[in-house]
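This report refers to the structure that appears directly beneath it.
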Amino acid sequence: MQKQLVALTATAILGLTAVSAQAAILDDVKAKGYVQCGVTGGVPGFSAPDSNNVWTGIEVDFCRAMAAAVFNDAEAVRYTSLTSQERFTALSAGEVDVLSRTTTWTMSRDTQLGISFVGTMFYDGQGFMVRKADGIESALDLSGAAICIESGTTTELNAADYFAANSMEFNTVVFVDQDEVVKAYEDGRCDVYTTDSSALAAERSKFANPDDHIILPEIISKEPLGPVVRAGDTQWFNLARWTYFALLEAEELGVTSANVDEMLGSDNPAIKRLLGVEGDFGTPLGVTKDWAYQIIKSVGNYAESYDRNVGPATPIGLERGLNALWKDGGIQYAPPIR
Amino acid sequence: MTDIGFVRSDMVSARPAPHRTTGAVAWARKNLFSTPLDTGLTILGLLFLAWIVPPLFGFFIGNAVGPNGTVEQCRMENAGACWAYIAAEMEFFIYGFYDIPEHWRPNIVFALGALLFVPLLIPKAPFKRTNAVLFIVVYPIVSYFLLAGGVFGLKVIPTEKWGGLLVTLIISVIGITLSFPLGVILALGRQSQLPIIKTVCVGFIELIRAVPLITILFMASIMLPLFMPQGMTVDKFLRAIVGVTLFTSAYMAEVVRGGLQAIPRGQYEAASALGLGYWKRMWFIILPQALKHVIPGIVNNFISLFKDTSLVYIVGMKDLLEAVKTKNDTALEWQSGNTATTGYIFAAMVFWVFCFGMSRYSIYMERRLNTGYKR
């Protein structure tokens, strides 16, 4: 009787806890039937609820692409909102299978936290926003300007470095919260607002008159944002990395979610290999032969995801810039699939 | 001798109070203008109202954009609160990411909860015992399966998708119903003669009370996974509920202990003299008196628990406040000067309604139970 009671209690407790063995992540994912994806609490264009209260964004699309590759079903994803403090713990503790959460790829993170960066989904960098009426056209004209900055961030250090390197004077107006910084800039308490250029664009879109403000062309820091997986599981890492490459490769070859079915009949050997018509590149990854076809069919290629979430047609309105393909003047580059 | 004595056989009907002591003028004279200082303060107060009320009225009602308005109206110069934004995003504020076609499930949970909870609050409603059992035992089980799904062909909705007011209410209802009995047990344990029980209770209470709730939630979300075997995880929602409940129960224990100490020793002795055992003594004699004394403190804890639920954003849960904040940041199609402000005002109003309701009910309860000390 007592044994039964213990067993019952244990079952009840285990019902709310999930135990997975130390097996390969891909096997675990296949067993549970979905990819657990760590996202932000809400950054427009990257991971945010849309008007139907469904997660959307360029980083969400990456998780959907992985689910499409594994399950042929881009909806087989569950999302966990993570704060920036808990994101790496959640990843290493196995609470999420992939972290796709505006995470900057740095050396110390890559080498010291037991995690591996998959690639750079989005090349971001710190920029400056000024009022158009001020007639400033370059960051080098900013000498003596009052700059609104969020305290304790790398933003503050980067700005100090940049101004020192160009021997310019500046005054900082420091706040602890991003919203306060924006408010202060809007109220005219400073001439310049600086943060990552994607965030600048998003904040600008919220202003009453976005056209009164311009983002200066200079980018003063490198912020490569990319998905992250646990270190040590090569199979899962490869799947994540080649999901990212497949998105780029599809754009390069002109395969989109709209024309992917026609492209199955293409004569181009590169397209044949990508879509699994010729050769089998999926099985070594642990997925089916048509893995890339499934990704493109349900999520689209990199350009589609970019344009849908952060591109010029969206309220965020970011040009491709560095994120264009290498042949279009950007630095997004995927090794060939062969 | 003729009888000229006069004896009134009926009462003189009361005459109205002197003109100067009744009516609006007299009231104003008594309460607003009785001294020069009062007069000065009254005038200052009126000036303050004249200064503050018109802009507030303009913002909330006069210039506000109604629920059917458009974002263009919200973006106009001089526009007030953007209620259209609240109306458009209401579903997210109430259910979070919960699948829209499945919203009937939380709706049933809300309705069932109200149906079972309201009679519990009304002293005259019958079947108290059945009602309590239904609410405390059956209702949570039914709600869990209804919300989480996976049985009877219901679609599985993982707790990550729960959000908004739904999460706020679930955490606070579970927190309140569990932390109160737990607090009573801890308080009794702290007064226990048995050293082990006493040490454990004192240790628990002092440990939890000495740590901020944020730290407990932080521990639960960041440290706990590191202690657990690789690959084993506990649902974040469960972690948040356990954290909030334990935290409140420690405070509750101290409030109840205050009540226990207010009971004269004679009551304990009299109960013993009647031959009652420990539990009967506590249940029938001591606790009913002790708890009555500390109703304000208990409700204080309930209210602060309700408000503390907004701290679960630390473990990445989207409670009402966090849901509002998320939409403020991400609903670019609704951006305007007052969108975020309106969102926060809405959250504040919802919190106020619930907390004020709890406070009024506690006052009613105090009056009802205050039989021995009524003055």
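We did not get these values from a lab; they are worked out from the coordinates using the rules stated. Just so you know, these numbers come straight off a predicted model, no measurement behind them. Neighbour counts are summed over all protein chains in view; Cβ atoms, including those assigned to glycine, are modelled from backbone coordinates with ideal geometry.
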Worksheet item: Rounded, prolate or oblate: which fits chain B when a ≥ b ≥ c are the square roots of the eigenvalues of the alpha-carbon gyration tensor, with rounded for a/c under 1.5 and prolate only if a/b beats b/c?
Response: oblate
Worksheet entry | Per-residue ³J(HN,Hα) for the range B:85-101, Karplus 6.51 cos²θ - 1.76 cosθ + 1.60, θ = phi - 60°, Hz, x for Gly and Pro | 4, 4, 4, 5, 9, 3, 4, 5, 5, 8, 10, x, 7, 3, 3, 4, x
Worksheet, complete the sentence: Here the whole-number average of other chain Cβ atoms within 10 Å per Cβ of A:308-316 is 1
Discussion item. Taking the Kirkwood radius as the inverse of the mean 1/r across Cα pairs, report the Rg/Rh of the range A:223-262.
Written reply: 1.11
Practice prompt. Any chance you could tell me what percent of the C-alpha pair distances in the range B:236-282 go past 17 Å?
Written response: 55
Worksheet, complete the sentence: Rounded to the nearest Å, the spacing of the alpha-carbon centers of the range A:253-314 and the range A:110-146 is 32
Practice prompt. Quick one: grab the alpha carbon gyration tensor of the range B:84-140, order the square roots of its eigenvalues as a ≥ b ≥ c, and give me rounded if a/c is under 1.5, else prolate or oblate depending on whether a/b is larger than b/c.
Written response: prolate
Item to complete: Kindly state, to the nearest 0.05, the FRET efficiency for B:Leu37 paired with A:Asp179, given R0 = 60 Å and r defined as their beta-carbon distance.
Response: 0.90
Worksheet item: Any idea what the dipole of the range B:162-369 comes to, in debye rounded to 20, about its Cα centre with Lys/Arg Cβ at +1 and Asp/Glu Cβ at -1?
Response: 640
Worksheet, complete the sentence: Averaging 1/r across every pair of distinct alpha carbons in chain A and inverting yields a Kirkwood hydrodynamic radius, in angstrom, of 21.7
Fill in: Largest-first principal axis extents, alpha carbons of the range A:252-297, Å
26, 19, 17
Item to complete: Kindly provide the pair-distance distribution of the range A:243-338 built from C-alpha pairs, with 10 Å bins from 0 and whole-percent values in order of increasing distance.
Response: 17, 47, 28, 8, 0
Item to complete: Find, to one decimal place in angstroms, the Kirkwood hydrodynamic radius of the range B:166-205, where the mean of 1/r is taken over every pair of different Cα atoms and then inverted.
Response: 11.1
Worksheet item: Efficiency by 1/(1 + (r/R0)^6): what FRET value for B:Asn370 and B:Ala28, r their Cβ-Cβ distance, R0 = 30 Å, to the nearest 0.05?
Response: 0.30
Discussion item. If I model the range A:128-221 as equal point scatterers sitting on the Cα atoms and use the Debye formula, what is log10 I(q)/I(0) at q = 0.12, 0.15, 0.25 Å⁻¹?
Written reply: -0.31, -0.50, -1.58
Discussion item. Give me the base-10 log of I(q)/I(0) for the range B:162-369 at each q in 0.12, 0.15, 0.19 Å⁻¹, Debye formula, one uniform scatterer per Cα, rounded to two decimals.
Written reply: -0.73, -1.01, -1.32
Fill in: Selection from A:Pro49, A:Val229, B:Ser143 lying farthest towards where the dipole of the protein assembly as shown points positive, charges on Cβ
B:Ser143
Item to complete: Determine the calculated [θ] at 222 nm for chain B from helices alone, applying -39500 (n - 2.57) to every DSSP H run no shorter than 4 residues and normalising by the residue count; nearest 500 deg cm²/dmol.
Response: -20000 deg cm²/dmol
Worksheet, complete the sentence: Sorted by chain and then number, the residues having a modelled amide H within less than 5 Å of the amide H of B:Val211, at least 5 places away or on another chain, are none
Fill in: Chain lengthening between A:Arg189 and A:Met107 when straightened (0.36 nm per residue, less Cα-Cα)
25.9 nm
Worksheet, complete the sentence: Within the protein assembly as shown, cysteines having no neighbouring cysteine beta carbon under 4.7 Å are B:Cys201, B:Cys355
Practice prompt. Enumerate by residue number the chymotrypsin sites (Phe, Trp or Tyr not before Pro) in the range B:16-56 meeting two conditions: DSSP loop (anything except H, G, I, E, B), and at most 15 other Cβ atoms within 10 Å of the site's Cβ.
Written response: B:Phe33
Worksheet entry | Computed over the range B:54-191, the ratio Rg/Rh where both radii use C-alpha atoms and Rh is Kirkwood | 1.13
Worksheet, complete the sentence: Quick calc: nm separation of the 7 Å Cα→Cβ label points for B:His103 and B:Ala14 -> 5.6
Response to the item:
Rounded to two decimals, the Rg over Rh value of the protein assembly as shown from Cα coordinates and the Kirkwood Rh reads 1.07
